[in-house]
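In what follows, a structure is listed as structure tokens, so that the remarks can point back to it.
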Amino acid sequence: MSDLPPRGRLAPSPTGALHLGNARTFLLAWLSIRSRGGSLVLRVEDLDHPKVKPGAAEQALEDLRWLGLDWDEGPDRGGPCGPYVQSARRGLYRDALRALREKGLAYPCVCSRRDVADAQSAPHGRDPHTLAYAGRCRGRFASWDEAAAALPPGRLPVWRFRAPEGVSFFDDLFLGRRSLDLAAEIGDFAFARDPDGAGYQLACVVDDAAMGVTEVLRGDDLVDAAHCQRALQTALGLPHPAFCHVPLVVAEDGRRLAKRHGDTRLAALRAAGVPAARVVGVLAWWSGLASFGEELRPADLLPRFSLARLPRAPAILDARVKGLLGIG
């Protein structure tokens, strides 16, 4: 373990407004780093072009500031690791893609989900809806352009990474030892739908290394993505940050927060006059760090913070929380 202070990141995606679930994860990421005297980078992950909403990045920063969260570097503050918006960092992803291609570890693929399903007799992976990709397009196309020419107009290939054989392990800071046979359970995974490799999986790996990130705290729906990202890091000779995957916030029906569960957007709560301290109090109560109804600033939680206090089950947006926050 390094004796240096940890370095984390807040990485909002401008595909929509931040809601209570996003806010809880960001608060925990902030607390984990700040409670140990570490530094934070804010990085806007705006590569999901069809879903990016105009003004959403600026709104996300305003929402985080309203909650009382801060960062040391970011698009609004600058810093030595900029730019802090992924769409302005494409050259780095292009270089990483070239390195993977030179090692024979990346190739363009034109297979649809139906093609993947037809190539196997039953679903694989931990999720019964997850299909393992066996490498049908390995060696099939010499270039992205050749693959694109084989598709109908409007459809794009994806870049896939040749999954290493064998079981991979890592020790999650919250979940403990995690293991996955990447080749058998996920297969050659897609890491970008862009000719330059500018996609979520590769961009996160490249940017975390370039920005010196040593800890990634995020929702536990991304546990398997950590195995993919660690494989990319190994292939590119990049360091492995510590991963910490925490339970999500769900509605009483067990599903992710959505409009059917009421308006849980921070912007809507703010516009309705709900104090930020009340929202932070709810996030802290969900995290085992406060009593119900306490009104707190994030800084008030620093002496209380411990991952050991975090409940193992998902946090639930129930009628009591809705009543406290005025969510209809």
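Quick one: Glu252 ticks every box in (1) among the acidic types (Asp, Glu); (2) exposed (fewer than 15 other Cβ atoms within 10 Å of the Cβ); (3) modelled with pLDDT of 95 or more except a single one, so which number is it?
(3)
What residue, of Gly273, Gly281, Gly293, is in contact with a helix residue (DSSP H, G or I) (Cβ under 7 Å, 6 or more places away or on another chain), within 21 Å of Trp66 (Cβ to Cβ) and not hydroxyl-bearing (Ser, Thr, Tyr)?
Selected residue: Gly293, the only one of Gly273, Gly281, Gly293 that is in contact with a helix residue (DSSP H, G or I) (Cβ under 7 Å, 6 or more places away or on another chain), within 21 Å of Trp66 (Cβ to Cβ) and not hydroxyl-bearing (Ser, Thr, Tyr).
Does segment 241-276 hold any residues that are without any contact (Cβ under 8 Å) to a residue 24 or more places away in the chain and either of a type in the set (Asp, Glu) or touching a Lys or Arg at 6+ places or on another chain (Cβ under 6 Å) (or both), and which are they?
Scanning segment 241-276 gives a single hit, Asp253.
Would you pick out the residues in segment 255-287 that are within 22 Å of Ala313 (Cα to Cα), hydrophobic (A, V, I, L, M, F, W, C) and buried (at least 23 other Cβ atoms within 10 Å of the Cβ)?
Val279, Val280, Val282, Leu283, Ala284, Trp286
Please verify whether Ala147 is over 30 Å from Leu4 (Cα atoms) and crowded, with 18+ Cβ neighbours inside 10 Å, treating the condition exactly as stated.
yes
I'd like to check which strands (runs of 3 or more DSSP E) are fully inside segment 163-235 and have at least 3 residues that are out of contact with any Phe, Trp or Tyr (no Cβ under 6 Å at 6 or more places or on another chain) and under 23 Å from Gly8 (Cβ atoms).
Answer list for segment 163-235: 167-172, 215-219.
Would you pick out the residues in segment 154-177 that are modelled with pLDDT under 95 and buried (at least 17 other Cβ atoms within 10 Å of the Cβ)?
The answer is Ser168, and nothing else.
Do you know which of the residues in segment 111-135 that are under 24 Å from Gln233 (Cα atoms) and in a loop (DSSP other than H, G, I, E, B) is modelled with the lowest pLDDT?
The qualifying residue modelled with the lowest pLDDT is Gly125.
Considering Leu180, Leu222, which residue is in the same structural domain as Val110 (by TED's automatic domain parsing), modelled with pLDDT of 95 or more and aliphatic (A, V, I, L, M)?
That would be Leu180, the only listed residue that is in the same structural domain as Val110 (by TED's automatic domain parsing), modelled with pLDDT of 95 or more and aliphatic (A, V, I, L, M).
Does segment 208-217 include one or more residues that are in contact with a helix residue (DSSP H, G or I) (Cβ under 6 Å, 6 or more places away or on another chain), at pLDDT 95 or above and more than 27 Å from Pro50 (Cβ to Cβ)?
Yes, because at least one residue in segment 208-217 is in contact with a helix residue (DSSP H, G or I) (Cβ under 6 Å, 6 or more places away or on another chain), at pLDDT 95 or above and more than 27 Å from Pro50 (Cβ to Cβ).
Kindly provide the set of residues from segment 306-328 that are surrounded by 16 or more Cβ atoms within 10 Å (Cβ to Cβ) and farther than 19 Å from Asp220 by Cα, ordered by number.
Within segment 306-328, Val321, Lys322, Leu324, Leu325, Ile327 meet the criteria.
The values are calculated or read from the model by the stated rules, or taken from the named source; none is laboratory data. Remember, it's a predicted structure, so these values are computed and weren't measured experimentally. With ideal geometry, Cβ positions are generated from the backbone for all residues, glycine too; neighbour counts draw on all protein chains shown.
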